[in-house]
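Read the structure below first, then the notes.
Every read-out reported here was derived from the displayed coordinates using simple, explicitly stated rules and does not represent laboratory data. None of the values given here were measured: they were computed from a predicted structure. Here the Cβ positions follow ideal geometry from the backbone for every residue, glycine too, while neighbour counts run over all protein chains shown.
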Amino acid sequence: MNPRRAATTQSWNPAAGGIGSDLQVHSERRGASHALARAVSLHLDGKPAEALNELYSALERGEKDGEIYSSLGHIHFQLGQYNEAASSYWKLIQLEPAHRTASFNLAVCLEKLGRWEEAIERFRRALEADPARSEAHLGIGICHLQLGRLEAALEAFDQCLNQKPSQEAALFGKAVTLQLAGRFDEAGTLYRRILQRNPQAEDCLVNLIAIEMARKDPARVRESAEQLLAVRPQSQAALEGLAASALASGDLEAAARYCARLVEVAPDHFEGWFNLGVAHQKAGRLEEAGRAYEQAVRIRADSPQALVNLGIVRQEQGELAEARAAYEKALRLDPEQAAAQWNLALVLEQSEEHAAAESLYAKLLEGNPKWDEARFRLGYSRLQRGDFRGSAEAFEICLKNRPGWHEARLNLGIAHWRAGDTAAARRCFEQVLAAQPDSADALRGLAALALEEEDHAAALAAHRRLIELGERSPELLYNTGLLCQKQGLMEEAARHYREALAMQPDFAEALLNLGHALQSLGGEEEARSCWRKALEVKPELAHGYFEAVGR
């Protein structure tokens, strides 16, 4: 939020000497034009255009009275016709170089036209004519402020305040200058000084909100915003401040409420819709967040961040096609947008487009070689598409950067295993297990290696440990039963089969092998009952009925 400056310029009026000011004095001037009197009358009747016509007609008749030019300047200024007003005051200066107010009024017109350098020169001329004119110092300060000359602006505002210490416009201009210079404490003090005398000074409150937002002080932001809202209940700046304060404080409900009010007041307020989306998203209201982000994108279709946030919401909702479309639009706007590349790569992973995902991760690493998470995903994508050596290389770099990264070491073990290097795979799994004795993933890896090498005792030990850790899926219990059976541990095998069947009653293979275990234990009748149930579930098992246990 940038500081508001408008209040320093909105109160300008040409100095006394034009139509409507000092009418009695003007009417008594010797040689006053009858046209001027008629123009005054028309102006008082609310007919400025007719008054202008009367004055221009007088000039055409050769009446070169300076009062006519002064009056023309005044009326044109009132009508917002600053070029014409400036022209009139310039002609007045040419006619009467020592005119008391002409240079000042010309300076005001030039300031309105944004002709800052020319305005500064004319304000200085006005000070030469009248050194006590504090408003000229004010005008010089405003022009320097507009030109970004903060030190010169401060000097001019101070000169004005030396003459009129309570001049509100000068105090405000100085406060804005200090704010732009990053001198927030001094600026805040001046804004509060103005507010003590004028609690309705909205621009001061707006700028105080901006200062406290820059200082990341949500409590002070809320205080100033509530004060502004009391002055103007529909104030956008107040609602923006309250929403920002609520977001910073983690009060998502209040943030959503203020953002909703903000977009009611200003339906095309991009930040309002965007932050409404953020509040809903953080609160887990994904549908509402998506709708808010869609409005933000409608207002500002060139915002990569709004598209990225919309994509994240759609991704969390499982709408991968919509998420992908949002990320791709963001990347068309900004091909280097890292968040869009990252999230698009995750979507491609979920869609099992691992080669495309790998390409994006590689691009991210070109820009940021130290992004460990991107390198981890690169290794995972390579692992999924069968590039085991490339995968191992990526995970080794991850571990070089973060030696304690157990997930990377597990995946390195899997890459080695699938590449045929079982010794390296075992080392990885054992290292993880040494660091994390309860690592179910490392135990599964060791169990798989043991099974592959037909080391049934080691495989059984790993399976038993998994069960101790609370891993009790039907498949794990069944496989543990098989290993017990191979070791001749029929009672333990039967127990594991029963536990598997308690979780999955139609597990035909468990029924079949429970029957074999019971038969070995002398439970012939119960064994036959198990076989019958197995055949009911899976008739094709009849082909192996007389074969050895363990398949």
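Overview of results
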| item | result |
| --- | --- |
| Boolean, D217 is out of contact with any helix residue (DSSP H, G or I) (no Cβ under 7 Å at 6 or more places or on another chain) and among the acidic types (D, E) | yes |
| Qualifying residue in region 66-74 (condition: surrounded by 15 or more Cβ atoms within 10 Å (Cβ to Cβ) and closer than 21 Å to F172 by Cβ) | no |
| In region 484-536, the residues that are outside any helix (DSSP H, G or I) and more than 22 Å from E471 (Cβ to Cβ) | G488, L521, G522, G523 |
| Unique residue being touching a residue at least 40 places away in the same chain (Cβ under 8 Å), farther than 18 Å from S245 by Cα and of a type outside the set (F, W, Y) when the list is D185, D203 | D203 |
| Answer residue from region 105-160, given it is in contact with a His (Cβ under 6 Å, 6 or more places away or on another chain) and of a type in the set (A, V, I, L, M, F, W, C) and is farthest from S71 (Cα to Cα) among those | A152 |
| Unique residue being assigned to a helix (DSSP H, G or I), out of contact with any Ser or Thr (no Cβ under 9 Å at 6 or more places or on another chain) and either aliphatic (A, V, I, L, M) or farther than 24 Å from G311 by Cα (or both) when the list is A296, A254, A243, A238 | A243 |
| Boolean, S103 is within 18 Å of A58 (Cβ to Cβ), without any contact (Cβ under 8 Å) to a residue 60 or more places away in the chain and not in a loop (DSSP other than H, G, I, E, B) | no |
| Counted residues, region 296-320 - those being surrounded by fewer than 21 Cβ atoms within 10 Å (Cβ to Cβ) and under 12 Å from W273 (Cα atoms) | 3 |
| Breaking point among (1) in contact with a Ser or Thr (Cβ under 7 Å, 6 or more places away or on another chain); (2) surrounded by fewer than 22 Cβ atoms within 10 Å (Cβ to Cβ), for F157 | (2) |
| Members of region 351-371 that are surrounded by 15 or more Cβ atoms within 10 Å (Cβ to Cβ) and acidic (D, E) | E353, E358 |
| Pairs with Cβ under 6 Å, 6+ apart, first in region 137-164 and more than 22 Å from L113 (Cβ to Cβ), second of a type in the set (S, T, Y) | L150/T177; L154/T177; Q163/S134; K164/S134 |
| Output for region 321-350, where each listed residue is buried (at least 19 other Cβ atoms within 10 Å of the Cβ) and either small (G, A, S) or outside any helix (DSSP H, G or I) (or both) | A323, A326, A330, Q337, A340, A345 |
| Search result, residues across region 128-145 that are of a type outside the set (D, E, K, R) and buried (at least 21 other Cβ atoms within 10 Å of the Cβ) | A136, H137, L138, G139, I140, G141, I142, C143, H144, L145 |
